[in-house]
Amino acid sequence: MDDTAAFPSARPVPQGILLAAGLGSRFDPSGRQDKLLQTLADGRPLLWHSAHHLASALPAPLAVIRPGQDVRRRVLEAAGCRVLEAASACAGMGAALAAAVQASTEASGWVVALGDMPWIPPDLIRRIAAAIDAPDAIAAPFHATQRGHPVAFGPAWLQTLCGLQGDSGARDLLRRRTLIRIDCTSPSILRDVDLPDDLAAPT
């Protein structure tokens, strides 16, 4: 299946959310290097790429960071994101996602992307957003048998997402729910930056 598709113009566009509050402790256990600010081959931070791709696909995405992450804020704003500083994000990914959904309760749905996945193309993000065609729908991309990111949620999941806590994000929900599957030829939906070697461009 082709990885490109325009979002249906007659349907409200879901709110894009970028989770960008993590510390990346596996990347540098000493904490001296900010994983999300490491540069790719073009000299831009990997966080800029993740944010720019989401902003190119969905208008005015909302990026979640911890208070005081001022450099991340500047990078995100330069890439086209609005920024939410949430103290609760220090508790983990689930809490960060809950804060973003609580700040966008009027949205027609949410497309949740990760700040350390800079190679997901905008056209694919639009395909995933367009797939949530019912209030209780959840859509996710798959490469072969593996589920990737981003994941889209219909508006019926508002209260569930607002109630997330800790670091598990929506993982438990995705295990229990039958997903709308978006088959994808690109392994970029699986590729994050966890360790320094992961910064190399895909081959």
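Below is a table of values for the structure above.
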item	result
Pair list, Cβ under 8 Å, 6 or more apart: segment 67-80 residue closer than 11 Å to Ala21 by Cα, other residue in a loop (DSSP other than H, G, I, E, B) and open to solvent by 40 Å² or more (accessible area, probe 1.4 Å)	Arg72/Asp34
Any hit, segment 124-132, residues being under 29 Å from Ile182 (Cα atoms), touching a His at 6+ places or on another chain (Cβ under 8 Å) and assigned to a loop (DSSP other than H, G, I, E, B)	no
Top-ranked residue of segment 124-143 - restricted to ones that are surrounded by fewer than 16 Cβ atoms within 10 Å (Cβ to Cβ) and in contact with a helix residue (DSSP H, G or I) (Cβ under 9 Å, 6 or more places away or on another chain), ranked as farthest from Ala21 (Cα to Cα)	Ala134
Pairs with Cβ under 7 Å, 6+ apart, first in segment 179-195 and over 30 Å from Ser25 (Cβ atoms), second part of a loop (DSSP other than H, G, I, E, B) and of a type in the set (A, V, I, L, M)	Ile180/Ala131; Ile180/Ala137; Ile182/Ala131; Asp183/Met1
Some residue of segment 34-44 being open to solvent by 10 Å² or more (accessible area, probe 1.4 Å), touching a residue at least 40 places away in the same chain (Cβ under 8 Å), touching a His at 6+ places or on another chain (Cβ under 8 Å) and not small (Gly, Ala, Ser)	yes
Which numbered condition Glu106 misses (of (1) within 23 Å of Ile65 (Cβ to Cβ); (2) crowded, with 21+ Cβ neighbours inside 10 Å)	(2)
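The values are calculated or read from the model by the stated rules, or taken from the named source; none is laboratory data. From a predicted model like this one, the values you see are computed outputs, not experimental measurements. Please note: Cβ atoms are built from the backbone with ideal geometry, for glycine as well, and neighbour counts cover all protein chains shown. To get the accessible areas, we keep the full protein, side chains included, count just its heavy atoms, and leave off ligands, DNA and RNA. Shrake-Rupley method; radii C 1.70, N 1.55, O 1.52, S 1.80 Å.
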